[in-house]
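The values are calculated or read from the model by the stated rules, or taken from the named source; none is laboratory data. This is a predicted model, so every value here is computed, not measured. Positions of Cβ are generated from backbone atoms using ideal geometry, with glycine treated the same way; all protein chains shown enter the neighbour counts.
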């Protein structure tokens, strides 16, 4: 389209049957401006193309995250059903225990009212004859066994309540944890969408401005061509093309979103390897909740924050945890004033220590951010300044 439009910018105008008017000054006056606008248009095209690829990857990640959300919601429903059953079982046991406690209390009261002095032995010795003695032995045995079984079952039921309550508490804790993770996924997904939408809007607005500027320059060139045509109606010359500039299209490379070339781990234990391992993913990756834990994700730059941190250290041959829950207790906690490159920094995003990254020094860190994928960010400004609460850990001594 641009090439077709710019045909009007040639430095010669055809008049009549093969007559030409040479206007070398018109295009020369605007050629630099037009080349700059063309370059900006090409660069914006490349950025839009790269953004489209990133949006495709982000949409795929969001789709996976939605599937994870559905699974988590189903897990929550299943856990709630299990909790309801446990609560009903506990209620039945507690009711049974209350009734049995009442029976035992009445027996104790009856025993107390009788003076509490009549023993099984006295009952046996009070028999009138051998036959009466045998009957009393059988009766005493039955009563003793009944009391013993009653008390034993009473204790077993109370123990069952304790055990079931422990299971219930564990399931409730897991349920709450799942709910927090669910909300975190929703927050990350919304951030990804908003960032992409905003960037797309900005690039489209910039491209619209570029096209308007180009149209304005074309109109100016056309107006001057018309003026020169009117002033030189009788001039006939050969096409000189002396003012036509060779316009080379800018070929700014864009990130295609394809696979990142595999680089074998250095396993050298060096700080530099940890800090620079992720550079190849900058601008060519996407945040995926739970990503970065298999070969496909790693080849395609699909990481969540903790998986990226673990992967970067692994490139230097250093093994650390792959979840924020593990990393937030690993190594040694230090103050921000003691922080040096290679330490881990934590941010209270959707939950406490919800995001982790690798400190680079000077307030900068590298990590897999929900809005950018793998990128270098500044913890002294904006969102990360607000969410950083001073949690720094040293997991390796370089």
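Tabulated values for the structure
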| read-out | value |
| --- | --- |
| Hits in region 282-326 - residues which are part of a loop (DSSP other than H, G, I, E, B), more than 13 Å from the chain's Cα centre (by Cα) and free of Cβ contacts under 8 Å to residues at least 40 places away in the same chain | 293, 294, 319, 321, 322 |
| Selection from region 327-344 of residues that are out of contact with any helix residue (DSSP H, G or I) (no Cβ under 8 Å at 6 or more places or on another chain), touching a residue at least 12 places away in the same chain (Cβ under 8 Å) and part of a loop (DSSP other than H, G, I, E, B) | 328, 330, 331, 335, 339, 340, 343 |
| Residue count, region 363-398 (criterion: under 16 Å from residue 271 (Cα atoms) and part of a loop (DSSP other than H, G, I, E, B)) | 4 |
| Condition broken by residue 224, with the remaining ones in (1) surrounded by fewer than 16 Cβ atoms within 10 Å (Cβ to Cβ); (2) modelled with pLDDT under 75 satisfied | (1) |
| Evaluation of residue 29 against (1) modelled with pLDDT under 80; (2) surrounded by fewer than 17 Cβ atoms within 10 Å (Cβ to Cβ); (3) closer than 30 Å to residue 178 by Cα (one fails), failing number | (3) |
| Every residue from region 312-334 that is at pLDDT 95 or above and in contact with a strand residue (DSSP E or B) (Cβ under 7 Å, 6 or more places away or on another chain) | 312, 327, 328, 330, 331, 332, 333, 334 |
| Residue that is farthest from residue 282 (Cα to Cα) [pool: residues in region 345-355 that are assigned to a loop (DSSP other than H, G, I, E, B) and in contact with a helix residue (DSSP H, G or I) (Cβ under 7 Å, 6 or more places away or on another chain)] | 351 |
